[in-house]
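**Student:** Below is one structure. I have some questions about it.
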Amino acid sequence: MDNLDQKVSIKVGIIGEDAYEQHSDSGLTMAQLGAIHEFGATIKVTPKMRAYLHYKGIHLKDSTTTITIPARSFLRDTFFTGDAKERLMDFAGLSENAEFNKEFVEYKLITDPNFFYKICQAIGAQALQMVQDSFRAGGYPTPWQPISSITRKNRKGDPNNPPLNDTGALMDSISVEVKRIQ
């Protein structure tokens, strides 16, 4: 496929208008919220935050000066650990394990000039499905750290749902974009 002279960009994440959408509870944009969960964060407890948490019925010890949100990678872990690349290549019929599909793909690439783009669209759709599956499983291939007692107490949804599955807003903000590059 190196000699096809076609370049395609496949983006999976919180992109486009979804990145600027505000999360209903925190006031953060979905991109900000996604970054906090993807990489983790340490938040300084301010008097205003302490008062808000107290109002919500969450009482911090006086000695608590920071709250640590552990990384719960829904992108990096999904794509850069485990068998993600092989799964995507198998899905597209491009891996060494998929000889029958590979022959078919090579034939279609010769006979249909748009077939490469169609493969990229299918890979993008499969990648998006893998991220959504990671959310539903509570992390893939490594399970995410469980939610804290503060988060469990403050949850709107089922407190037994996996992390990042309270409202579904973060998962719903993830999309895929496939574009031809000139």
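**Student:** For the stretch 140-160: of the residues being outside any helix (DSSP H, G or I) and of a type in the set (Val, Ile, Thr), which is least open to solvent (accessible area, probe 1.4 Å)?
**Tutor:** Result: 147.
**Student:** Within the bounds of the stretch 13-32, is there any residue that is assigned to a loop (DSSP other than H, G, I, E, B), under 30 Å from residue 115 (Cβ atoms), open to solvent by less than 70 Å² (accessible area, probe 1.4 Å) and not polar (S, T, N, Q)?
**Tutor:** The answer is yes; a qualifying residue exists.
**Student:** Here is a check on your reading of the model: is residue 82 surrounded by 11 or more Cβ atoms within 10 Å (Cβ to Cβ), farther than 20 Å from residue 170 by Cα, out of contact with any Cys (no Cβ under 7 Å at 6 or more places or on another chain) and of a type outside the set (D, E, K, R)?
**Tutor:** Here the answer is yes, as residue 82 does meet what is asked.
**Student:** Can I ask one more? Tell me, which helices (runs of 4 or more DSSP H) lie completely within the stretch 81-139 with 2 or more residues that are at pLDDT 85 or above, closer than 24 Å to residue 38 by Cβ and under 18 Å from the mean Cα position of the chain (by Cα)?
**Tutor:** Result: 115-137.
**Student:** State all residues of the stretch 67-80 that are in contact with an Asp or Glu (Cβ under 9 Å, 6 or more places away or on another chain), assigned to a loop (DSSP other than H, G, I, E, B) and not aliphatic (A, V, I, L, M); if no residue qualifies, say none.
**Tutor:** If the condition is that a residue be in contact with an Asp or Glu (Cβ under 9 Å, 6 or more places away or on another chain), assigned to a loop (DSSP other than H, G, I, E, B) and not aliphatic (A, V, I, L, M), then 72, 73, 74 are the ones that fit.
**Student:** Okay, moving on. Could you check the stretch 118-165 and list, in sequence order, the residues that are in contact with a helix residue (DSSP H, G or I) (Cβ under 7 Å, 6 or more places away or on another chain) and farther than 19 Å from residue 78 by Cα?
**Tutor:** 119, 159 - these are the residues of the stretch 118-165 that are in contact with a helix residue (DSSP H, G or I) (Cβ under 7 Å, 6 or more places away or on another chain) and farther than 19 Å from residue 78 by Cα.
**Student:** Is it true that some residue in the stretch 37-50 is touching a strand residue (DSSP E or B) at 6+ places or on another chain (Cβ under 7 Å), closer than 17 Å to residue 168 by Cα and open to solvent by 90 Å² or more (accessible area, probe 1.4 Å)?
**Tutor:** Looking through the stretch 37-50, none of the residues is touching a strand residue (DSSP E or B) at 6+ places or on another chain (Cβ under 7 Å), closer than 17 Å to residue 168 by Cα and open to solvent by 90 Å² or more (accessible area, probe 1.4 Å).
**Student:** Quick one: count up the residues across the stretch 125-180 that are aliphatic (A, V, I, L, M) and within 24 Å of residue 9 (Cβ to Cβ).
**Tutor:** Residues in the stretch 125-180 being aliphatic (A, V, I, L, M) and within 24 Å of residue 9 (Cβ to Cβ): 10 in total.
The values are calculated or read from the model by the stated rules, or taken from the named source; none is laboratory data. A quick note: this is a predicted structure, and the numbers were derived from the prediction, not measured. Counting neighbours? That spans all protein chains shown, and the Cβs are built from the backbone with ideal geometry, glycine included. Just the protein is used for accessible areas: all its heavy atoms, side chains included, with ligands, DNA and RNA removed. Shrake-Rupley method; radii C 1.70, N 1.55, O 1.52, S 1.80 Å.
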